[in-house]
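Accompanying notes for the structure given below.
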Amino acid sequence: MQATGRLRGVLPGIIAKPNGNRSSDRLLIWLVVPVFIISILPILRLGFEGVMVGGVPSFDYFHDVLGNSSTWRATANSLYTAGLGTIISLLIGGAFAFLVALTDIRAKAALVFCFMIPMMIPPQITALSWVQLTGPSSALLNAIGMAPPLGSPQPLYSAEGIALLLGIQHASIVFLTLRANLRMLPREQIEAARLAGARGGRLWWQIILPLTSPGLIAGTAMAFVTALGNFGIPAMLGIPAGYQTLPTLIYQKLAGFGPSVLGEVSVLAMLIGAIAICGVALHHRLLSKRDYRLMGMVGRPLDVKLGARRSLVEMALWTVLVAILVIPLLALFTTALVPAFGVKLTFANATFEAFHEVMFVQPSTIRAFQNSFVLSVGAAVTLVLMCLPLAYVMVRRPSNLTKLINLLVEVPYALPGVVLAIACILLFIRIPLIDVSLYGTLAIIFVAYLARFLVIALRPVMNSFTQLDPALEEAAQACGAGLSRRLRDILLPLAAPSAAAGALLVFLTAFNELTVSALLWSAGNETLGVLIFNLDDSGDTVLASAVAVLVVLVVIALMSCFQLAARRLPKGVVPWQT
Amino acid sequence: MADINLSRITKCFGDYRAVNQVSLDIADGEFVALLGPSGCGKTTLLRLLAGFEEPDHGQISLGGQIMASPENNVMISPEDRNLGIVFQSYALWPHMTVARNVGYPLEVRGLGRADQDRKIAEALDIVALGPYANRSPSELSGGQRQRVALARCLVMEPRAVLLDEPLANLDVHLRETMQQAFLDFHRRTGATMIYVTHDQSEAMAMADRIAVMDKGHIRQMAAPETLYREPADLMVAGFVGAGAVLPVQGVTVGSNGNCSVQLGQSSITARICPKLADGLTTANAGLCLRPEDVWVIDDAPLRGQVDDCVYLGGRFRLSVRIGADQTLPVYANRRARIGEQVGLQVNDGWVFDRMSGEAA
Ligand SMILES: Nc1ncnc2c1ncn2[C@@H]1O[C@H](COP(=O)(O)OP(=O)(O)O)[C@@H](O)[C@H]1O
Ligand SMILES: [Mg+2]
């Protein structure tokens, strides 16, 4: 089988095996076509722009872009900020995941609940609130009289400032992936290690860390790729400091508008795509060396007793939360309450005028809420339904084709949103064959979201399939259950916690998404991210903050609904529930 | 229920032949054990039967129906084979109750609710787990989980039940109870059972016939007593039962499958393998002696020195050294001092070709 696979080159799975009566082979074809159209075709279309100059194939754009020193400076900056940011995410998210999942700290649900919120704040809002928080015109610091003097430098306008915010922004990604993994860690394996005499640091380093390394590696890779494509934070913090990363370089190229813009953007996009693929390929290499399928019963979670140190650990966790969540949110909130941006907030001048304005005067706010809600819920549901069979085929029936898909689905996520948006416009402005245009409708944003967030939904599910004891599925097979039945009765419930975590990630990321929809929106089809950005861009920072506060409140309300429904859902579906 | 035929089955993982030219015929209702050291290909053979692996060569048929035959492009998938399988890890679904685990095969077959409940109750009664129907598998002990897995096989009335080291995770006491449970199950249902184990005493206690595997080959397939009394080659003689194989010279073939061999200064009478007796060379002859074949008699001419003495309850097992590097396990009624000289009388033995099977 291996030999024939090699002979058929990169497309072995499309041709069913000669005696292939396996339904998974047929399944693959049904999965590959939509995945190809959604996430690979737009990128190919954009790539086409990069290798065609005036209608003839040429490498001129490559020469221009790769020969330019600003390209390489931006690449180095991107690698530095994304790398450092990933380390910060890993430290924060990893510490939270381990402590929450494996120890007896109190108020876990509340901790996790709060820890999820930073991810829901759009990056540029995060950046905005931190700049407002730390800068000389900080409404919060001014209110308490601790603002730095006017004219002093803003410490966040630096590479490390960008990395710090990237790290905070993406810590929940590491947290969620790792937590799904820790849930499946059978208590027996850790107990066995403790009986073997492993304790304290040894237990963590030699048993728990290796067993959870698939989740750690997957979370790290995802955080890195996300940070690499992030536009909001380097735009808000880097541009004032003259510090360019690849996404901001692309943005500035696009702003320039010339005949060669598309070609140059296409080459830069390929560069980011190549870095992302390298990161992901490394991730797969690392993972393929470890097949830590956790055998046996997925049992009761572990409860390491922290003893006297418990209060200390709890205090440290809450302090981190206050720093990364409460203070920036407070900054945002105070900005929404001032009568005009830059004015010092006092009890006398605090006003809810901005909230009234955005909720009852401007019709676009409610419309944007509706649009973003439909788009993010639709994307989350569609993607999870797609990802369950796709992840199954990729994990259980690996072929060269699935390995290729595995790498390519990463690209639309790693590319800056504007690049994906351009790719989608190029492809869908007039769909070949059926001659329909999606441009100017909500549908083009939806398709772009599917492409962009496919990988977010896919990874956690793949991760949990990798860890599932194959005998669980084989037992069902021996009972006579065909593939679709096994997916429904056995694999879906067992992967439900991961799938739900994936869906939630998609929902939360899509709800506030800006960079993709920034180019794809049209009147009546604006998203929340676009609304906030447009308000902020036109100088209505106070209104923008008000909408951002509303968004955070709505998301918290939605999360609370999940929390209330949690008792009726299978265990682990609600990620912040213990 | 159906008979199972494997004909020259080969399965490779890369260049490694995990199962090599295996042929097996298992009759309807038979209890067959697949016995062999760890890594010899037992699980692979079982998975080939179940349909989780596809053979590279050969043919598998079940009740006369071809299940897998790469030469003819036939590969029936596991869900269509109607075989029950009990995994070493039990493979119970943690998100279903015990009753739903057991009833799942019926659910798949679309049986009515009432029929399902009746059959589930019956199956749970057979494995004595009736009161546990509504528990979750994680609330059961190892032995109970194993019995749930067995009940799950039982309800689907499979053509055969395949068990992969089902007792390996259980404690010794529970193992005996479960052995009895499997035997009762076999008697009650008359199901064809194929039982994989690396534990020879387990195989001997339960199976009608045992297939001994080594390095992907089947070395011998026979009833337990035949394996024990008449091992076909050195590997089987060493793997099944206690005892020793001594190289012997001076084999004189007699009548009725008997022969006389020279052991030390004395000449003893033993049974001889027909293949060896049929005029083949006796240069590589080996004598297999089981402990109960050798008695300690003080004035017997064959002398040896006691190396070790272990009390087994009721009797002692001695390791007696005869010659430079040959030790025999023998049973004795009294304790012996280490180093003591004893006399041994050999009442029975089995002479076979020590080198047979090695070429393969
Ligand atoms: N899926 C597989 N891929 C590669 N090698 C395998 C696979 N399954 C089993 N093997 C190899 O085949 C040999 C037989 O394995 P197995 O049938 O599990 O042995 P047993 O069950 O007798 O202990 C072993 O050497 C094992 O490493
Ligand atoms: Mg095995």
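The values are calculated or read from the model by the stated rules, or taken from the named source; none is laboratory data. Everything quoted here is computed from the prediction, not taken from an experiment. No Cβ is skipped: glycine too gets one built from the backbone with ideal geometry, and neighbour counts run over all protein chains shown.
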Condition test on B:V236, is it over 16 Å from the mean Cα position of the chain (by Cα), aliphatic (A, V, I, L, M), away from ligand 2 (no atom under 16 Å from the Cβ) and more than 14 Å from every other protein chain (Cβ to nearest Cβ)?
no
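Under the condition of being of a type in the set (D, E, K, R) and within 19 Å of B:R209 (Cβ to Cβ), which residue from the range B:13-50 is farthest from ligand 1 (Cβ to nearest atom)?
Taking the range B:13-50 first, the residues of a type in the set (D, E, K, R) are B:15, B:17, B:25, B:28, B:30, B:42, B:47.
Narrowing the set further to residues that are within 19 Å of B:R209 (Cβ to Cβ) leaves B:25, B:28, B:30, B:42.
Numbers: B:D25: 21, B:D28: 25, B:E30: 21, B:K42: 4 Å.
Only one residue fits best here, namely B:D28.
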Taking A:V374, is it of a type in the set (V, I, T), in contact (Cβ under 8 Å) with a residue 60 or more places away in the chain and closer than 23 Å to A:T103 by Cα?
no
Looking at the range A:361-429, what helices (runs of 4 or more DSSP H) fall wholly within it and have at least 3 residues that are out of contact with any Lys or Arg (no Cβ under 7 Å at 6 or more places or on another chain)?
A:363-396, A:400-408, A:417-428
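Which one is farthest from A:I490 (Cα to Cα) among residues in the range B:54-94 that are within 11 Å of another protein chain (Cβ to nearest Cβ) and β-branched (V, I, T)?
So the first thing to find is which residues in the range B:54-94 are within 11 Å of another protein chain (Cβ to nearest Cβ), and the list is B:54, B:56, B:68-94.
In the following step, the residues that additionally are β-branched (V, I, T) were identified as B:74, B:76, B:85-86.
On the way: B:V74: 27, B:I76: 22, B:I85: 17, B:V86: 17 Å.
Step by step, filter the range B:54-94, then rank; the result is B:V74.
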With respect to B:L167, determine if the residue is within 31 Å of the chain's Cα centre (by Cα), assigned by TED's automatic domain parsing to the domain that holds B:H95 and part of a helix (DSSP H, G or I).
no
Taking A:D537 and the conditions (1) exposed (fewer than 14 other Cβ atoms within 10 Å of the Cβ); (2) under 17 Å from A:L330 (Cβ atoms), which numbered condition does it fall short on, given that it satisfies the others?
(2)
Only one of these conditions is not met by B:L92: (1) surrounded by fewer than 20 Cβ atoms within 10 Å (Cβ to Cβ); (2) away from ligand 1 (no atom under 13 Å from the Cβ). Which number is it?
(1)
For the range B:23-39, what are the residues that are surrounded by fewer than 24 Cβ atoms within 10 Å (Cβ to Cβ) and within 10 Å of ligand 2 (Cβ to nearest atom)?
B:S38, B:G39
Report yes if some residue within the range B:297-308 is without any contact (Cβ under 8 Å) to a residue 12 or more places away in the chain and at negative phi; otherwise report no.
no
Out of A:F533, A:F465, A:F511, report the one residue that is over 24 Å from A:M236 (Cα atoms) and among the aromatic types (F, W, Y).
A:F465
May I ask you to verify whether A:A274 is free of Cβ contacts under 8 Å to residues at least 40 places away in the same chain, part of a helix (DSSP H, G or I), farther than 21 Å from A:T86 by Cβ and of a type outside the set (D, E)?
no
Mind checking which pairs have a first residue in the range B:193-217 that is under 19 Å from B:L174 (Cα atoms) and a second that is of a type in the set (S, T, N, Q) and within 12 Å of ligand 1 (Cβ to nearest atom), Cβ under 7 Å, 6 or more apart or different chains?
B:V196/B:T43; B:H198/B:S38; B:A203/B:T197
Any chance B:G257 is away from ligand 2 (no atom under 16 Å from the Cβ), surrounded by fewer than 20 Cβ atoms within 10 Å (Cβ to Cβ) and modelled with pLDDT under 90
yes
Mind checking whether some residue in the range B:140-150 is surrounded by fewer than 17 Cβ atoms within 10 Å (Cβ to Cβ) and either within 16 Å of ligand 1 (Cβ to nearest atom) or without any contact (Cβ under 8 Å) to a residue 60 or more places away in the chain (or both)?
yes
B:F31 is checked against (1) away from chain A (no Cβ under 14 Å); (2) of a type in the set (F, W, Y); (3) farther than 21 Å from B:H186 by Cα and fails just one. What number does that condition carry?
(3)
State whether the residues of the range B:209-231 include one that is more than 14 Å from B:L24 (Cα to Cα), outside the structural domain of B:A283 (by TED's automatic domain parsing), within 16 Å of ligand 2 (Cβ to nearest atom) and touching a Pro at 6+ places or on another chain (Cβ under 8 Å).
yes
Extreme residue, nearest to ligand 2 (Cβ to nearest atom), among residues of the range B:239-254 that are under 30 Å from B:S23 (Cβ atoms) and out of contact with any Cys (no Cβ under 8 Å at 6 or more places or on another chain):
B:F239
Any hit, the range A:515-534, residues being at pLDDT 80 or above, outside any loop (DSSP other than H, G, I, E, B), crowded, with 24+ Cβ neighbours inside 10 Å and within 14 Å of chain B (Cβ to nearest Cβ)
no
For the range B:1-12, which positions are more than 13 Å from ligand 1 (Cβ to nearest atom), assigned to a strand (DSSP E or B) and surrounded by fewer than 21 Cβ atoms within 10 Å (Cβ to Cβ)?
B:N5, B:S7, B:R8
Being closer than 30 Å to B:G39 by Cβ and more than 12 Å from chain A (Cβ to nearest Cβ) narrows it down to one of B:Q146, B:Q116, so name that one.
B:Q146
Keeping to the range A:459-495, report how many residues are more than 8 Å from every other protein chain (Cβ to nearest Cβ), in a helix (DSSP H, G or I) and not basic (K, R).
16
Quick check on B:G51: is it away from ligand 2 (no atom under 16 Å from the Cβ), at the interface with chain A (Cβ under 9 Å from one of its Cβ atoms), touching a residue at least 40 places away in the same chain (Cβ under 8 Å) and in contact with a helix residue (DSSP H, G or I) (Cβ under 6 Å, 6 or more places away or on another chain)?
no
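Would you confirm whether or not the range A:55-73 contains a residue that is within 14 Å of chain B (Cβ to nearest Cβ), surrounded by fewer than 17 Cβ atoms within 10 Å (Cβ to Cβ) and assigned to a loop (DSSP other than H, G, I, E, B)? Walk me through it before giving the result.
So the first thing to find is which residues in the range A:55-73 are within 14 Å of chain B (Cβ to nearest Cβ), and the list is none.
Looking through the range A:55-73, none of the residues is within 14 Å of chain B (Cβ to nearest Cβ), surrounded by fewer than 17 Cβ atoms within 10 Å (Cβ to Cβ) and assigned to a loop (DSSP other than H, G, I, E, B).
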Are there strands (runs of 3 or more DSSP E) fully within the range B:20-139 with at least 2 residues that are more than 18 Å from the chain's Cα centre (by Cα)? List them.
B:57-62, B:65-69, B:83-86
Within the range B:183-195, is there a residue that is within 16 Å of ligand 2 (Cβ to nearest atom) and either small (G, A, S) or modelled with pLDDT of 90 or more (or both)?
yes
So which of B:T10, B:T43 ends up being within 16 Å of ligand 2 (Cβ to nearest atom) and in the same structural domain as B:Q200 (by TED's automatic domain parsing)?
B:T43
Taking the criterion of being of a type outside the set (A, V, I, L, M), modelled with pLDDT under 85 and over 20 Å from the mean Cα position of the chain (by Cα), would at least one residue in the range A:502-513 satisfy it?
no
Taking the stated definitions as given, is B:N73 farther than 29 Å from B:S138 by Cβ and more than 12 Å from ligand 1 (Cβ to nearest atom)?
yes
